[in-house]
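Have a look at the structure below, then the notes.
The values are calculated or read from the model by the stated rules, or taken from the named source; none is laboratory data. Just so it is clear, the structure is predicted and the values come from calculations on it, not from any experiment. Glycine gets a Cβ as well: all are built from the backbone with ideal geometry, and neighbour counts include every protein chain shown.
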Amino acid sequence: MPDLTVPQIPFERKPRLLDQVHEAIRRLHYSRRTEDAYVHWIKRFIFWTGKRHPSTVGAAEVTAFFSHLALLTSPLDRGDAVSAPSPASGTPRARQPQTGYRVGATV
(Lines give C-alpha, C1' and ligand atoms only; values in the text may rest on other atoms or scores of the structure.)
Protein backbone atom coordinates (compact mmCIF):
# COMPACT_ATOMS: atom_id res chain seq x y z
CA MET A 1 0.00 0.00 0.00
CA PRO A 2 1.49 3.41 -0.98
CA ASP A 3 2.24 6.04 1.66
CA LEU A 4 -0.36 8.82 1.22
CA THR A 5 0.91 11.16 3.91
CA VAL A 6 1.86 14.64 2.83
CA PRO A 7 5.55 15.35 3.37
CA GLN A 8 6.14 18.00 6.01
CA ILE A 9 7.63 21.12 4.48
CA PRO A 10 9.37 23.36 6.98
CA PHE A 11 7.18 26.40 7.50
CA GLU A 12 9.10 29.58 8.15
CA ARG A 13 7.17 32.11 10.15
CA LYS A 14 8.11 35.67 10.63
CA PRO A 15 9.95 36.13 13.94
CA ARG A 16 7.80 37.52 16.73
CA LEU A 17 8.28 41.11 17.84
CA LEU A 18 10.22 40.41 21.02
CA ASP A 19 12.42 37.89 19.19
CA GLN A 20 13.24 40.66 16.70
CA VAL A 21 14.04 43.03 19.57
CA HIS A 22 16.34 40.47 21.22
CA GLU A 23 18.08 39.83 17.91
CA ALA A 24 18.59 43.54 17.16
CA ILE A 25 19.93 44.32 20.62
CA ARG A 26 22.36 41.40 20.51
CA ARG A 27 23.51 42.47 17.07
CA LEU A 28 24.29 45.92 18.51
CA HIS A 29 26.22 44.30 21.40
CA TYR A 30 24.17 46.01 24.10
CA SER A 31 24.40 44.66 27.63
CA ARG A 32 21.99 42.03 28.90
CA ARG A 33 20.52 44.52 31.37
CA THR A 34 19.83 47.00 28.58
CA GLU A 35 18.14 44.24 26.61
CA ASP A 36 16.02 43.33 29.63
CA ALA A 37 15.04 46.99 30.15
CA TYR A 38 14.04 47.46 26.49
CA VAL A 39 11.94 44.29 26.52
CA HIS A 40 10.32 45.31 29.82
CA TRP A 41 9.21 48.70 28.48
CA ILE A 42 8.00 47.21 25.19
CA LYS A 43 5.92 44.65 27.10
CA ARG A 44 4.58 47.36 29.38
CA PHE A 45 3.54 49.45 26.36
CA ILE A 46 1.88 46.44 24.69
CA PHE A 47 -0.14 45.63 27.80
CA TRP A 48 -1.08 49.29 28.25
CA THR A 49 -2.48 49.40 24.72
CA GLY A 50 -4.62 46.32 25.35
CA LYS A 51 -2.19 43.84 23.77
CA ARG A 52 -2.20 45.60 20.42
CA HIS A 53 0.85 45.19 18.21
CA PRO A 54 3.00 48.35 18.29
CA SER A 55 2.84 48.63 14.49
CA THR A 56 -0.92 49.23 14.78
CA VAL A 57 -0.58 51.96 17.40
CA GLY A 58 -0.47 55.60 16.39
CA ALA A 59 1.40 58.60 17.72
CA ALA A 60 -1.55 59.63 19.89
CA GLU A 61 -1.37 56.36 21.85
CA VAL A 62 2.40 56.69 22.30
CA THR A 63 1.97 60.23 23.61
CA ALA A 64 -0.82 59.08 25.93
CA PHE A 65 1.42 56.28 27.27
CA PHE A 66 4.22 58.73 28.05
CA SER A 67 1.75 61.09 29.72
CA HIS A 68 0.45 58.15 31.76
CA LEU A 69 4.01 57.34 32.89
CA ALA A 70 4.68 60.97 33.78
CA LEU A 71 1.60 61.06 36.00
CA LEU A 72 2.67 57.88 37.78
CA THR A 73 5.95 59.33 39.02
CA SER A 74 5.88 60.96 42.41
CA PRO A 75 6.95 64.58 42.94
CA LEU A 76 9.96 63.29 44.87
CA ASP A 77 11.14 61.40 41.79
CA ARG A 78 10.80 64.56 39.72
CA GLY A 79 13.09 66.39 42.17
CA ASP A 80 15.90 64.05 41.24
CA ALA A 81 16.00 65.70 37.83
CA VAL A 82 17.37 68.83 39.49
CA SER A 83 20.64 67.07 40.25
CA ALA A 84 20.92 65.66 36.73
CA PRO A 85 23.67 67.10 34.54
CA SER A 86 22.72 70.21 32.65
CA PRO A 87 22.69 69.59 28.88
CA ALA A 88 24.56 72.83 28.23
CA SER A 89 27.40 72.56 30.72
CA GLY A 90 27.51 68.88 31.61
CA THR A 91 27.73 69.77 35.31
CA PRO A 92 25.06 69.15 37.92
CA ARG A 93 22.66 71.99 38.54
CA ALA A 94 22.88 73.68 41.92
CA ARG A 95 20.13 72.73 44.34
CA GLN A 96 18.39 75.41 46.29
CA PRO A 97 19.08 75.11 50.01
CA GLN A 98 16.14 73.67 51.90
CA THR A 99 15.26 75.71 54.96
CA GLY A 100 12.40 73.57 56.16
CA TYR A 101 9.96 76.47 55.85
CA ARG A 102 7.02 76.50 53.51
CA VAL A 103 6.65 79.37 51.12
CA GLY A 104 4.08 81.80 52.48
CA ALA A 105 4.06 80.28 55.96
CA THR A 106 4.00 82.60 58.91
CA VAL A 107 6.46 82.03 61.73
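Here is a check on your reading of the model: is Ile9 modelled with pLDDT under 95 and assigned to a loop (DSSP other than H, G, I, E, B)? Against the criterion (modelled with pLDDT under 95 and assigned to a loop (DSSP other than H, G, I, E, B)), Ile9 qualifies.
Scanning region 33-50 for residues that are over 17 Å from Gln20 (Cβ atoms) and loosely packed, with under 14 Cβ neighbours inside 10 Å yields Arg33, Arg44, Phe47, Gly50. Looking only at region 11-22, residues that are of a type outside the set (A, V, I, L, M, F, W, C) and surrounded by 11 or more Cβ atoms within 10 Å (Cβ to Cβ) come to 3 in all. Among the residues of region 12-52, how many are part of a helix (DSSP H, G or I) and not aliphatic (A, V, I, L, M)? Residues in region 12-52 being part of a helix (DSSP H, G or I) and not aliphatic (A, V, I, L, M): 19 in total.
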